[in-house]
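Single-structure report; data block below.
The values are calculated or read from the model by the stated rules, or taken from the named source; none is laboratory data. Source: prediction; values computed, not measured. Methodologically, a virtual Cβ is constructed for each residue, glycine included, from the backbone with ideal geometry; neighbour enumeration extends over all protein chains shown. What goes into the accessible areas is simple: the full protein's heavy atoms, side chains included, and nothing from ligands, DNA or RNA. Shrake-Rupley method; radii C 1.70, N 1.55, O 1.52, S 1.80 Å.
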Amino acid sequence: MQRCIEEALAKASAAATTDLAAEQLSAALHSCAASAAACAEASLRSSGLVDAVPGVANACGLLQTEEDFVVGAIWSQIWAFLGWYNAVQLVIIPWVCLWMFSSSVLGLARFARFQYQLFRISIDTLLLMVLSILTQVEDWFTLCTQCLHSGLSRSVRKYFRLERDLKRATSFAEYRRAEEALLKFQSRHSICRPICRRPSGARLACSCEEHLQVLHMELEKSLEAKGTEDLAKLEPLLVDQAGGVEWSRVPNAEQYLDKLCHCLEASCQRRKGETAALRDWLVDRRKAIGRTALCLSGGGSLAMHHMGVCRFLLEEGLMPKIVSGVSGGSIVAGFLAIHTDEEILKHVFVPDIVQRHVPHRWFPHWWQELFNFLQLGVLVPTEDFEGTCQAYFGTWTFEEAYRRTGRPVTIVISSNFSRKLPACVMLNHMTVPRVTVASAVAASCAAIGVMRPRGLVVKDPLTGTLAPFNVLGESFADGSFTAEVPKDYLRSCFGATRFLVSQVNPHVSSFMDAKGGVLHSLRGHFGFDLQQRARMLSEYNLLPSFFGRAMCQATKHLSQDFQENKSGLTVHPPHVGLASVKAAISNPSLRDMERYILQGQRMAWEKAHEIRIMMLLEAAVTRCLERVGNEQASSTPYCSIQPPPEPTVKADVLIDDSAAGS
């Protein structure tokens with residue numbers, strides 16, 4: 001046995017590796033133990049001690065069977081191969097595979113949902129086009145039916161004649177007379193549906209009429225009151241919707257509000273000497289009433305409808321102080337920024353304004369637009385449009401325009417950073433006082449496929465030199481992509497609480513409230529569905545490009561809220577739809593301007609009652625504030641030149657600087 005162990009040690013020392021030497025030594029010891037156990041068992045059996053034979057194997061370390069030894073050797077080899085790190089991997093890898101599989105399933109589900117939304121958007125768009133054609137057919141069929149009906153009934157024929165007089169009115173006085181005649185006829189004959197949107201007293205309870213009589217009595221008392229009692233009686237009434245009454249639904253609300261405005265102006269007239277106290281009181285009343293902002297939408301050449309709306313507001317003394325313009329509406333907003341009310345009515349918002357600076361045009365001829373699109377990828381070269389804006393608006397800045405007219409005008413543009421969704425940028429006399437109005441208008445009109453994005457221009461107040469303004473970005477696009485009606489900004493910056501929106505964009509008619517038959521209701525439903533799905537996809541950047549730009553800008557535009565709500569009033573032409581896109585990208589002629597301005601006035605005439613209810617108190621408070629000198633604009637003589645002459649502030653500043661230097 002000793003010789004066996006010595007031979008095993010010799011083999012182990014001669015082995016190449018440590019593991020092999022350990023295996024040889026272990027095998028030798030196991031062989032020696034087996035030989036010793038065999039000798040012990042033989043001697044015990046020869047001595048007759050058979051019961052002690054099983055304990056020999058335990059004493060020699062041979063209790064394990066050969067199978068147990070093989071299993072232990074295999075397990076030791078597996079554990080040596082795997083180790084602790086590999087064992088942990090065996091636990092984690094199944095969960096990782098499950099997570100990757102579930103992520104793939106979720107990704108496929110989201111992709112399928114995204115494709116479904118795109119499919120529904122395309123279907124809704126197709127249905128809107130079909131429904132637009134069907135609504136036109138329905139209107140023509142209704143007109144033919146009415147003509148046949150008018151030949152059978154004398155009362156229907158008279159109704160159509162009154163309705164025709166209403167549509168052919170060329171002034172607000174004629175419109176009011178035709179409207180009153182139509183209402184009087186409808187009260188006697190309950191036949192055709194009413195055209196006028198003025199509310200009737202049948203919708204209100206008698207308590208409102210009684211309350212209105214009480215208010216009239218209180219106003220009579222305020223006219224007779226002396227001292228400060230008249231102002232105390234007017235304070236609870238000079239608020240928005242006094243007593244919780246929605247005055248736009250009250251039939252005789254205009255007479256009451258006119259009388260309230262008369263009492264307010266009479267009370268202010270009696271206090272000419274109390275300028276400071278009266279000014280503070282009027283400022284508090286304006287806060288209680290709230291302020292209205294006029295929002296002018298885009299629409300290309302169709303934005304000239306805004307001129308008719310503004311003419312009505314100026315003629316009636318109901319023009320809001322706060323104005324915002326976007327895209328085509330920024331052109332009208334630019335005119336409002338640099339011209340006084342007198343100039344606008346006399347020589348700006350007139351049909352021949354479009355021919356004032358020949359050969360400058362807003363849009364080239366149709367054949368030139370086609371050539372520009374094939375050569376440049378846009379309809380209007382940026383340089384030509386900049387020249388037209390320069391001819392109409394000169395180099396007036398927002399600050400200079402505000403000093404001249406006292407009217408805070410905001411022009412909306414959209415950012416144009418690559419791989420970023422566009423965001424709205426507001427330009428006015430507070431944010432960019434030295435930026436020129438012409439560059440802001442040109443940037444706000446840079447719609448996709450119409451013009452390329454362009455930058456802003458700033459003017460040095462001392463030298464009058466123009467330079468690029470790159471603080472906010474190098475180029476900007478059409479403002480209607482991000483804020484067709486910037487209500488949130490106008491609320492925070494100017495404290496606007498109500499909004500008078502003039503909406504003439506051709507495609508927005510599908511998203512307005514449906515007022516008509518079944519086809520109009522279906523068009524409104526599919527338009528709202530398209531808007532909801534576009535809003536859902538507005539944050540994705542996976543849409544295909546259109547004219548080299550990401551379609552996310554289009555979905556960003558469609559996701560806006562175009563509906564009329566309680567905080568505002570929307571006027572829009574009834575017959576402007578997708579078929580008017582050709583007119584929107586064509587330069588208006590003199591005849592087109594006459595039609596646009598008259599249709600814009602009709603838009604306001606149809607909702608004159610609601611506009612007067614909204615603006616009467618605010619306009620009266622504004623007039624009283626101007627009389628006490630709080631918001632008096634700088635006195636400027638009437639200017640018949642277009643645009644008005646450059647301000648002379650630069651020369652005065654240079655003289656003061658030279659005097660200070662000497």
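Could you tell me which of the residues E606, E594, E610 is within 30 Å of P359 (Cβ to Cβ), open to solvent by 20 Å² or more (accessible area, probe 1.4 Å) and at pLDDT 85 or above?
It is E594.
Anything in region 461-485 that is open to solvent by less than 60 Å² (accessible area, probe 1.4 Å) and under 18 Å from F398 (Cβ atoms)? List them, or say none.
P461, G464, A467, F469, G473, F476, G479, A483
State all residues of region 466-484 that are part of a loop (DSSP other than H, G, I, E, B), farther than 15 Å from R452 by Cβ and in contact with a Gly (Cβ under 8 Å, 6 or more places away or on another chain); if no residue qualifies, say none.
Answer for region 466-484, where residues must be part of a loop (DSSP other than H, G, I, E, B), farther than 15 Å from R452 by Cβ and in contact with a Gly (Cβ under 8 Å, 6 or more places away or on another chain): N470, E484.
Examine region 368-383 for a residue that is under 19 Å from G300 (Cα atoms), open to solvent by 50 Å² or more (accessible area, probe 1.4 Å), out of contact with any strand residue (DSSP E or B) (no Cβ under 9 Å at 6 or more places or on another chain) and of a type outside the set (A, V, I, L, M, F, W, C), and state whether such a residue exists.
Within region 368-383, one or more residues are under 19 Å from G300 (Cα atoms), open to solvent by 50 Å² or more (accessible area, probe 1.4 Å), out of contact with any strand residue (DSSP E or B) (no Cβ under 9 Å at 6 or more places or on another chain) and of a type outside the set (A, V, I, L, M, F, W, C).
Within region 426-465, which residues are in a strand (DSSP E or B), of a type in the set (D, E, K, R) and over 20 Å from E369 (Cβ atoms)?
K459
Which pairs turn up if I take residues in region 285-301 that are more than 19 Å from F312 (Cα to Cα) and free of Cβ contacts under 8 Å to residues at least 60 places away in the same chain and look for partners that are of a type outside the set (S, T, Y) and open to solvent by 10 Å² or more (accessible area, probe 1.4 Å) with beta carbon separation below 6 Å, at least 6 apart in sequence or on another chain?
Correct list of pairs: A288/V239.
Would you check which residues across region 228-264 are among the hydroxyl-bearing types (S, T, Y) and modelled with pLDDT of 80 or more and list them?
Y256
Condition first: under 42 Å from the mean Cα position of the chain (by Cα), at pLDDT 80 or above, under 30 Å from Y489 (Cβ atoms) and not aromatic (F, W, Y). Can you find one or more residues in region 265-276 that meet it?
No, region 265-276 contains no residue that is under 42 Å from the mean Cα position of the chain (by Cα), at pLDDT 80 or above, under 30 Å from Y489 (Cβ atoms) and not aromatic (F, W, Y).
Read through the list (1) within 16 Å of the chain's Cα centre (by Cα); (2) buried (at least 20 other Cβ atoms within 10 Å of the Cβ), then give the number of the only condition that A496 fails.
Of (1) within 16 Å of the chain's Cα centre (by Cα); (2) buried (at least 20 other Cβ atoms within 10 Å of the Cβ), only one is false for A496: (1).
How do the helices (runs of 4 or more DSSP H) wholly within region 261-345 filter down when requiring 3 or more residues that are open to solvent by 10 Å² or more (accessible area, probe 1.4 Å): which remain?
275-289, 305-315
Let's see how each residue does on (1) modelled with pLDDT of 90 or more; (2) β-branched (V, I, T); (3) closer than 25 Å to E343 by Cα:
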{"residue": "F398", "(1), (2), (3)": "yes, no, yes"}
{"residue": "P408", "(1), (2), (3)": "yes, no, yes"}
{"residue": "V412", "(1), (2), (3)": "yes, yes, yes"}
{"residue": "P422", "(1), (2), (3)": "no, no, no"}
{"residue": "A438", "(1), (2), (3)": "yes, no, yes"}
{"residue": "A447", "(1), (2), (3)": "no, no, no"}
{"residue": "P453", "(1), (2), (3)": "no, no, no"}
